[in-house]
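Down below is the structure, laid out as structure tokens.
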Ligand code: DC
């Protein structure tokens, strides 16, 4: 493949990034990448090894040394650690607390950026996160930013059985020095407070197809 396409979907927590990125990836036959899962995997690894996640140096050192591999299974990228793919383990409340600390460490963000860029080996991508359009693939023509009102996002998380202070997490994600959550230049912003995932993904796909024609993708 000459120039794989990367669709960058960033946004606040519980703004529907995962649901919509998966729908868009399935509709286009692209590979889905959840970059939050990669940060969560490092947070889980630190907790498991008793590495103090408040200690930026210790976290950076763990990230330099851990033995990882990228795999693509069923059109989804996974980060395998010591030949193990943690899935449920990275969704616990403890990991959710640790992850936003881990994600502030500049050396960790450098490692993640490189690893996430390496996903291009698997072909066309739909990649969701917080800094994909601003930092990981700033050159892509396909940038999207999802958001929804705080009350609606809190309801969505509660429906998943998770009670989380999303305002605090948004603040930590937006105010960190290294690659904070921002709307990328040229990104299409979609506030989906009153939209279903089907409506949101249809809007995304419509815009993606328009942009593909504009940039002459596939030629
Ligand atoms: O999307 P998520 O809730 O699984 O993300 C977990 C944390 O990782 C979130 O607090 C922000 C951080 N993150 C990030 O800083 N950059 C990304 N590209 C993806 C996630």
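Just so you know, all these numbers are worked out from the coordinates, no wet-lab data involved. Just so it is clear, the structure is predicted and the values come from calculations on it, not from any experiment. Because the Cβ atoms are built from the backbone with ideal geometry, glycine has one as well, and the counts that use them run over all protein chains shown.
Just a few scattered comments:
- Rounded tilt (10° steps) of 106-118 against the dominant C-alpha axis of the chain: 40
- Gyration tensor (alpha-carbon) shape descriptor, region 116-156, a/c threshold 1.5: prolate
- Using C-alpha pairs below 8 Å separated by at least 6 residues, the relative contact order for region 47-195 is 21 percent.
- Residue exposure sequence - 213, 59, 102 - by fewest surrounding Cβ within 10 Å: 213, 59, 102
- Anisotropy class of region 136-219 from Cα gyration tensor, a/c 1.5 cut: oblate
- Treating each Cα of region 4-67 as one equal point scatterer and applying the Debye formula with no solvent, the log10 of I(q)/I(0) at q = 0.12, 0.16, 0.23, 0.30 Å⁻¹ comes out as -0.45, -0.68, -0.90, -1.25.
- Cα gyration tensor shape for region 54-108, rounded if a/c is under 1.5, else prolate or oblate: oblate
- Listed from fewest to most Cβ neighbours within 10 Å, the set 109, 49, 117 follows the order 49, 117, 109.
- To the nearest ten degrees, helix 35-48 and the longest principal axis of the Cα atoms of the chain are 10 degrees apart.
- Reciprocal of mean inverse Cα separation for region 1-116 (Kirkwood radius, Å): 15.0
- Extension gain (nm, one decimal) between residue 156 and residue 57, 0.36 nm per residue minus Cα-Cα: 32.1 nm
- Helix 56-65 axis, angle to the chain major axis (alpha carbon atoms, nearest 10°): 70
- The share of Cα pairs per 5 Å bin across region 153-200, counted from zero up to the longest distance, runs 5, 16, 16, 22, 25, 13, 4 percent.
- Mean residue ellipticity at 222 nm, helices only, the chain: -14000 deg cm²/dmol; runs of at least 4 DSSP H residues each add -39,500 (n - 2.57), and the sum is divided by the number of residues.
- Distance between region 123-142 and region 21-60 - C-alpha centres, whole angstrom: 15
- DSSP beta bridges confined to the chain are antiparallel in about 25 percent of cases.
- Exposure proxy for 112, 212, 127, 101: other Cβ atoms within 10 Å of each Cβ, ordered fewest to most, give 212, 101, 112, 127.
- Each residue of the chain gets 117 Å³ once the volume of the Cα convex hull is shared out per residue.
- Every Cα-Cα pair of region 67-185 was included, and the share exceeding 16 Å stands at 69 percent.
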